Amino acid sequence: MRPSDSNASFPNSSATPKPRSPRPADVRLDTLLEELRTLLTTDQQLVRNVTVKLAIDPDLTVWPLDYDQTKESLLNLCINALQSLDGAGVLTLEAKARGETIELFVRDNGPGIPMEEIPHIFKPFYSRKPGGSGLGLAITRQLIESQGGRISVTSIPRLTTTFKISIPRTGCSVV
Ligand SMILES: Nc1ncnc2c1ncn2[C@@H]1O[C@H](COP(=O)(O)OP(=O)(O)OP(=O)(O)O)[C@@H](O)[C@H]1O
Ligand SMILES: [Mg+2]
């Protein structure tokens, strides 16, 4: 099976309001990811038997980020991943530095995203879920791009899906 892949930057839409300007500060990655795991695991209906794993590059301690905007972005990706896992599987949150860029990964081993769907998933109101608003990924992309970052996805249906956020240090400098 060929992986579905996208690094495309989709056009912005007025459907999602422009996020406030980022307020970067030195964020401890272990604190951020642990907080997310705690938040997710309090929702037992959503997590059920899913294992939530963290993988943090030991060389990566702090990075200049808008804490709330980054947390909201990761939360949207994690909720999607947990919804796709439907109570069983593994969700991994990973953080690593590649030179002057931080890379954050949200990976699940759920059903994946068919290749033909990939160009649509970041568009506002695109949803395959009953009752889904289809705004989660559109908002996430805006929050990341307003910090000077990028978001992309790679999916191998029935095997694995990985959302990758990259934010250069200069994209979000501490004032
Ligand atoms: N990890 C994933 N695994 C499989 N499909 C996914 C995953 N993440 C996103 N998708 C697909 O992308 C679509 C759009 O996601 P998005 O978060 O924007 O909206 P939603 O989850 O449907 O609704 P909501 O506004 O409640 O977030 C989803 O409906 C789903 O089809
Ligand atoms: Mg969603």
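The values are calculated or read from the model by the stated rules, or taken from the named source; none is laboratory data. Please read all numbers here as calculations on a predicted model, not as lab measurements. Don't worry about glycine lacking a Cβ; one is built from the backbone with ideal geometry, like all the others, and counts go over all protein chains shown. All accessible areas refer to the heavy atoms of the entire protein, side chains included, with ligands and DNA or RNA removed. Shrake-Rupley method; radii C 1.70, N 1.55, O 1.52, S 1.80 Å.
Is one or more of the residues making up region 116-124 aromatic (F, W, Y), in a loop (DSSP other than H, G, I, E, B) and open to solvent by less than 70 Å² (accessible area, probe 1.4 Å)?
Our first condition is that a residue be aromatic (F, W, Y); within region 116-124, this holds for 122.
Still in the running and in a loop (DSSP other than H, G, I, E, B): 122.
Cutting the leftovers down to open to solvent by less than 70 Å² (accessible area, probe 1.4 Å) gives us 122.
Yes, because at least one residue in region 116-124 is aromatic (F, W, Y), in a loop (DSSP other than H, G, I, E, B) and open to solvent by less than 70 Å² (accessible area, probe 1.4 Å).
Of the residues in region 155-170, how many are within 15 Å of the chain's Cα centre (by Cα) and open to solvent by 60 Å² or more (accessible area, probe 1.4 Å)?
1
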Would you check if there is a residue in region 84-96 being open to solvent by 40 Å² or more (accessible area, probe 1.4 Å), free of Cβ contacts under 8 Å to residues at least 24 places away in the same chain and farther than 20 Å from I156 by Cα? no
State whether one or more residues within region 7-21 are within 15 Å of the chain's Cα centre (by Cα) and either outside any loop (DSSP other than H, G, I, E, B) or at pLDDT 95 or above (or both). no
Part of a loop (DSSP other than H, G, I, E, B) and farther than 23 Å from S166 by Cα - does that describe any residue in region 100-107? no
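Suppose we keep only residues that are among the hydrophobic types (A, V, I, L, M, F, W, C) and under 15 Å from the mean Cα position of the chain (by Cα) within region 91-112. Which one would you say is farthest from ligand 2 (Cβ to nearest atom)? Walk me through it before giving the result.
Going residue by residue through region 91-112, those that are among the hydrophobic types (A, V, I, L, M, F, W, C) are 91, 93, 95, 97, 102, 104-106.
Of the ones still in play, those that are also under 15 Å from the mean Cα position of the chain (by Cα) are 91, 93, 95, 102, 104-106.
Values: L91: 14, L93: 16, A95: 21, I102: 23, L104: 17, F105: 17, V106: 12 Å.
Per the criteria, the residue is I102.
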Does at least one position in region 60-76 carry a residue that is open to solvent by less than 40 Å² (accessible area, probe 1.4 Å) and in a loop (DSSP other than H, G, I, E, B)? yes
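How many residues, within region 44-78, are basic (K, R) and over 17 Å from V27 (Cβ atoms)? Outline the logic, then answer.
Of the residues in region 44-78, the ones basic (K, R) are 48, 53, 71.
So of that shortlist, the ones also over 17 Å from V27 (Cβ atoms) come out as 48, 53.
So the count comes out to 2.
Would you pick out the residues in region 144-168 that are within 13 Å of ligand 1 (Cβ to nearest atom) and either free of Cβ contacts under 8 Å to residues at least 60 places away in the same chain or part of a strand (DSSP E or B) (or both)?
First, pick out the residues of region 144-168 that are within 13 Å of ligand 1 (Cβ to nearest atom): 151-164.
Those that are within 13 Å of ligand 1 (Cβ to nearest atom) and either free of Cβ contacts under 8 Å to residues at least 60 places away in the same chain or part of a strand (DSSP E or B) (or both): I151, S152, V153, T154, S155, I156, T160, T161, T162, F163, K164.
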Test each condition in (1) open to solvent by less than 30 Å² (accessible area, probe 1.4 Å); (2) near ligand 1 (Cβ under 6 Å from one of its atoms) for L135 and report the one that comes out false. (1)
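Specify which of the listed residues (R141, R128) is crowded, with 21+ Cβ neighbours inside 10 Å and either within 14 Å of ligand 2 (Cβ to nearest atom) or not in a strand (DSSP E or B) (or both). Please lay out each step first, then the result.
Numbers: R128 fails: crowded, with 21+ Cβ neighbours inside 10 Å.
So the residue among R141, R128 that is crowded, with 21+ Cβ neighbours inside 10 Å and either within 14 Å of ligand 2 (Cβ to nearest atom) or not in a strand (DSSP E or B) (or both) is R141.
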Condition first: buried (at least 18 other Cβ atoms within 10 Å of the Cβ) and assigned to a strand (DSSP E or B). Now tell me which residues in region 37-55 satisfy that. V50, V52
